Amino acid sequence: MRVVALLLLLLSTGIAVGAPRTVRGVVTRLDSRRPIVGASVLTDRGAIAVTDLDGFFTIVVAPADRELTIAANGFITRSVRIPAADALVRVGLEAASGAEVIEVTGKAPEETKPLSYNLTVDEIRAIPGAGNDVLRAATVLPGVARIPYSFGGLVLRGSSPRDTAIYLDGVEVPIAFHFGGVTSFYPGGMLSDLAVTAGGFDTSFGRSQGGIVTLGTREPRTDRWRMGGSIGLFDSSIQAEGPVKGGGVIMGLRRSYFDRIVDPFIEEDAPLPSYYDAQIRMTFGDPRKRGRITPMIFTSIDRVASNEVSITSTFVRLAAPYLRQWGKLALRIVPWIGANTLTFSEEAQEDQRKESFSRPLYPGGVRAEAIRDFTWGHLRGGLELDGGYLAPSQFNFSEGGDDDGSVVGTTTIAWTNFAAFLETRWKIDGERFAVKPGLRVEGYGLTGEIVVDPRLNIHQRLTDTLTFRQAIGRFHQPPTPADVDPDNGNPQLDSSYTDQFSLGFDAELPAHVRASVTGYYNDGREIGVKVQNPAPGSEPPDLNLGGLGPTFELLLEKQLGIAFYRDNVGRARSYGLEVSIKRNVGPWFALLSYTLSKSERVDDPRLAAGWRPFELDQRHNLQLATSYQYRKWRLGARLQLVSGNPYSPSRVIDTEQGPQPVEVPWAGQLPLFVSIDLRADRRWHRCWGDIVLFIDVQNAINRRNVEGREFDYETLKDADIRGLPIIPFIGVEFRPLI
């Protein structure tokens, strides 16, 4: 019996010791304690992790692992022992003699730039109310407005969603998020990081007068095949990655059923979303030898439908980014092609009238960029060439009988854009002070213009923990192809531009707290706004957008492909203050963001209407998210307090036909938006990976916030359009081992 007991004791001890565990650490420069981004962390058995924007990493270690090896380009490689207890591993790396610190994937930290707000996959999973999705998580960041009904889209510093450019691995996509859904088009399991730059970006990006969002795909594992995915209340996904001959591949597929779940709980005419998406990305080669090529394809299918309105959007992109490095010189080339299709249909229940509209778009292009590092800074330049073809519009209609018909548009639009940019960065006193002037020249095929955008970024390291940043520049944006369409559009429409100014401080406070304060001012000129078409008999398209009015149209106008007559008479201005405080160390995650802003528009100065509030102007936006890891549980909560959007209230006047409503443009404001979100995660470890059950409850207090108002002819008053009720995001994730 003693032998049996001893064997059982040894077996139980072996099982306890033999279980893999998670180790978290931070990698910084030894001389200044500044975080090192993109450092590789390896275990003895070959598991690998990469440090995030704050220098932190998380890695799963096996029982046989004894050391972690940390390597970063430009620093001396170092090995440290793995602690026996769950303590934070702190690693300081010493700069290699005469080496320039640069990460060839383009993710190396650069000081001379405006502040970007970043989220890693682990942080996205820790934010309550996000449902593991980058779109919902991004709304917690400063400068990002809240969208009614959680519809997809990003409004940065009071700009229109059409003014924000979205890039995935250097390829611009029509929209990063399912435009009618509550999720991004790209799954979090394939994402390496998300960065939101609300303004002041450098000359390597153009054709956007708002901000940019960059999404990065993580490198596929090449040691063996892994599979994972998720099963949720609203959608399900599957992912796979592994080695292929000469490289690796990562792929994913997702399908939603959100519309079927939510339909019984909302108003009858509210539009509901559904979506599909798929991605494949491969990696071959070494950038320091013959170069690395990463062919990829991604696609998204969205549908938003109510009883009368249906909008279906599909896009696909095929690209093959190439990266080659010769010492301190790096070259990146990104060729790509794609297709966008959108169908809009409306069905009147009373007279059985049906109408539909569709118009496909086929874009493509190539981008080349080279950067050369020197001891005094760097020199970067590049060229872009892109264009597209907008096919004729197709109208189908039925009057309820056999009078079906169709009308094919008579116009097509083809265009070619080009751009050249150059910037240089001068470091003065090392990294403590540097300036980065740049110039971008663009030619727009749609308007026949050549525009010049000068930009300047400056940073000063006031102390080892405090940095002062300034950015100023001009940002042009061409109209959409539909806006210059001769049929209902304006072929004489030109580009618009915004002058952006920002300055701010970011600091590393004690206890690993990172904080920032940024002030900004944007002044937009020659904005294309809808006006009456001067052509005789012309009428603007009459779209029923399911009761959400101008807000819904604003979110979709970049993709609709429906021509509106616009003129360059509009003005835009926005200004405000952004505050961010974040701590993500050990079991605690906490993020506080506050935005004080004001955004206004002038639609047509010839009407003497003056400045009016922007449709999504939100004076105050407070977000507080926190979570705590306790053994195998992670519990969290999030508070949102957001000023209500402006709207046009109705007043009743007496006419010969009786009382009739008349809108008072933008004279009202909706009530304060208040929401509390809760989240709980439970993890079970298995030999192949982890099973994670999560319950993410949006609007846990079931507060039916007012999202809009429309006139009710029965009561002769404006009636509230209520927002979503309490919604639980329940799902199970299957996460393979690293």
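The values are calculated or read from the model by the stated rules, or taken from the named source; none is laboratory data. Everything quoted here is computed from the prediction, not taken from an experiment. In this analysis, Cβ positions are derived from the backbone assuming ideal geometry, glycine residues included, and neighbour counts consider all displayed protein chains. Heads up: the accessible areas ignore ligands, DNA and RNA and are worked out on the full protein's heavy atoms, side chains in. Shrake-Rupley method; radii C 1.70, N 1.55, O 1.52, S 1.80 Å.
May I ask you to list the residues in the stretch 445-469 that are out of contact with any His (no Cβ under 8 Å at 6 or more places or on another chain), buried (at least 17 other Cβ atoms within 10 Å of the Cβ), of a type outside the set (Val, Ile, Thr) and over 23 Å from residue 516 (Cα atoms)?
445, 446
Counting only residues that are buried (at least 20 other Cβ atoms within 10 Å of the Cβ) and in contact with a strand residue (DSSP E or B) (Cβ under 7 Å, 6 or more places away or on another chain), give me the strands (runs of 3 or more DSSP E) lying completely in the stretch 320-374 with at least 2 of them.
Values: elements: 322-326, 329-348, 353-358, 361-374.
Fully inside the stretch 320-374 and qualifying: 322-326, 329-348, 361-374.
For the stretch 593-620, which positions are open to solvent by 60 Å² or more (accessible area, probe 1.4 Å), assigned to a strand (DSSP E or B) and not aromatic (Phe, Trp, Tyr)?
Correct list: 596, 598, 620.
Is there a residue being of a type outside the set (S, T, N, Q), part of a loop (DSSP other than H, G, I, E, B) and either over 28 Å from residue 631 (Cβ atoms) or at pLDDT 90 or above (or both) anywhere in the stretch 686-697?
Checked against the condition, which is being of a type outside the set (S, T, N, Q), part of a loop (DSSP other than H, G, I, E, B) and either over 28 Å from residue 631 (Cβ atoms) or at pLDDT 90 or above (or both), the stretch 686-697 yields no hits at all.
Conditions tested, residue by residue: (1) open to solvent by 40 Å² or more (accessible area, probe 1.4 Å); (2) over 19 Å from the mean Cα position of the chain (by Cα).
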{"site": "208", "(1), (2)": "no, no"}
{"site": "213", "(1), (2)": "no, no"}
{"site": "226", "(1), (2)": "no, yes"}
{"site": "244", "(1), (2)": "yes, yes"}
{"site": "250", "(1), (2)": "no, yes"}
{"site": "258", "(1), (2)": "no, yes"}
{"site": "262", "(1), (2)": "no, yes"}
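Suppose the filter is closer than 24 Å to residue 385 by Cβ, touching a residue at least 12 places away in the same chain (Cβ under 8 Å) and not in a loop (DSSP other than H, G, I, E, B); does residue 426 pass it?
no
Of all residues in the stretch 675-693, which are among the charged types (D, E, K, R) and open to solvent by less than 60 Å² (accessible area, probe 1.4 Å)? Walk me through how you get there before you give the answer.
Going through the stretch 675-693, the residues among the charged types (D, E, K, R) turn out to be 677, 679, 681-683, 686, 690.
Across the stretch 675-693, the qualifying residues are 677, 679, 681, 682, 690.
Select, from 730, 653, the only residue that is touching a strand residue (DSSP E or B) at 6+ places or on another chain (Cβ under 8 Å), loosely packed, with under 13 Cβ neighbours inside 10 Å and at pLDDT below 90.
653
Please go through the stretch 477-498 and pick out each residue that is assigned to a strand (DSSP E or B) and surrounded by 22 or more Cβ atoms within 10 Å (Cβ to Cβ).
477, 496, 498 - these are the residues of the stretch 477-498 that are assigned to a strand (DSSP E or B) and surrounded by 22 or more Cβ atoms within 10 Å (Cβ to Cβ).
Which one is farthest from the chain's Cα centre (by Cα), of the residues in the stretch 655-676 that are more than 16 Å from residue 613 (Cα to Cα) and touching a residue at least 40 places away in the same chain (Cβ under 8 Å)?
Initially, the stretch 655-676 is screened for residues more than 16 Å from residue 613 (Cα to Cα), giving 655-662, 672-676.
Still in the running and touching a residue at least 40 places away in the same chain (Cβ under 8 Å): 659, 661, 673, 675.
Numbers: 659: 46, 661: 39, 673: 22, 675: 22 Å.
Here the residue is 659.
Only residues that are more than 16 Å from residue 726 (Cα to Cα) and among the charged types (D, E, K, R): list them for the stretch 664-697, please.
Those that are more than 16 Å from residue 726 (Cα to Cα) and among the charged types (D, E, K, R): 681, 682, 683, 686, 690.
Hey, residue 328 hits all of (1) farther than 18 Å from residue 174 by Cα; (2) without any contact (Cβ under 8 Å) to a residue 60 or more places away in the chain but one; which does it fall short on?
Exception for residue 328: condition (2).
Would you please name the residue that is modelled with the lowest pLDDT, looking only at residues in the stretch 45-59 that are open to solvent by 30 Å² or more (accessible area, probe 1.4 Å) and in contact with a Gly (Cβ under 9 Å, 6 or more places away or on another chain)? Lay out the reasoning, then the answer.
Pass one, the stretch 45-59, residues open to solvent by 30 Å² or more (accessible area, probe 1.4 Å): 45-46, 48, 50, 53, 58.
Subset that is in contact with a Gly (Cβ under 9 Å, 6 or more places away or on another chain): 50, 58.
Working: 50: 75, 58: 78.
Checking each candidate, the answer is 50.
One line per residue, one yes/no per condition, for (1) hydrophobic (A, V, I, L, M, F, W, C); (2) at pLDDT below 80:
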position	(1), (2)
494	no, no
508	no, no
518	no, no
527	yes, no
530	no, no
533	no, yes
537	no, yes
541	no, yes
550	no, yes
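Of all residues in the stretch 575-626, how many are in contact (Cβ under 8 Å) with a residue 60 or more places away in the chain, under 17 Å from residue 140 (Cα atoms) and of a type in the set (Lys, Arg)?
Going through the stretch 575-626 one residue at a time, the tally reaches 2.
Considering each of 659, 671, 665 in turn, give the residue that is in a strand (DSSP E or B) and open to solvent by 20 Å² or more (accessible area, probe 1.4 Å). Break it down into steps so the answer makes sense when it comes.
Numbers: 671 fails: in a strand (DSSP E or B); 665 fails: in a strand (DSSP E or B).
Going through 659, 671, 665 in turn, just one is in a strand (DSSP E or B) and open to solvent by 20 Å² or more (accessible area, probe 1.4 Å): 659.
Is the stretch 71-82 home to any residue that is at pLDDT 65 or above, in contact with a Phe, Trp or Tyr (Cβ under 9 Å, 6 or more places away or on another chain) and part of a strand (DSSP E or B)? Reasoning before the result, please.
Step one: list which residues in the stretch 71-82 are at pLDDT 65 or above, which gives 71-82.
Applying the additional criterion that residues be in contact with a Phe, Trp or Tyr (Cβ under 9 Å, 6 or more places away or on another chain) yields none.
The answer is no, given that none of the residues of the stretch 71-82 is at pLDDT 65 or above, in contact with a Phe, Trp or Tyr (Cβ under 9 Å, 6 or more places away or on another chain) and part of a strand (DSSP E or B).
List every residue pair whose Cβ atoms lie under 6 Å apart, where the two residues are 6 or more positions apart in sequence or sit on different chains, the first residue falls within the stretch 467-487 and is under 17 Å from residue 198 (Cβ atoms), and the second residue, located anywhere, is β-branched (Val, Ile, Thr) and surrounded by fewer than 21 Cβ atoms within 10 Å (Cβ to Cβ).
Sorted first by the residue in the stretch 467-487, then by its partner, the pairs are 470/458.
Would you call residue 584 farther than 30 Å from residue 311 by Cβ, modelled with pLDDT under 95 and of a type outside the set (Ser, Thr, Tyr)?
Values: farther than 30 Å from residue 311 by Cβ: yes; modelled with pLDDT under 95: yes; of a type outside the set (Ser, Thr, Tyr): yes.
Yes: the conditions hold for residue 584.
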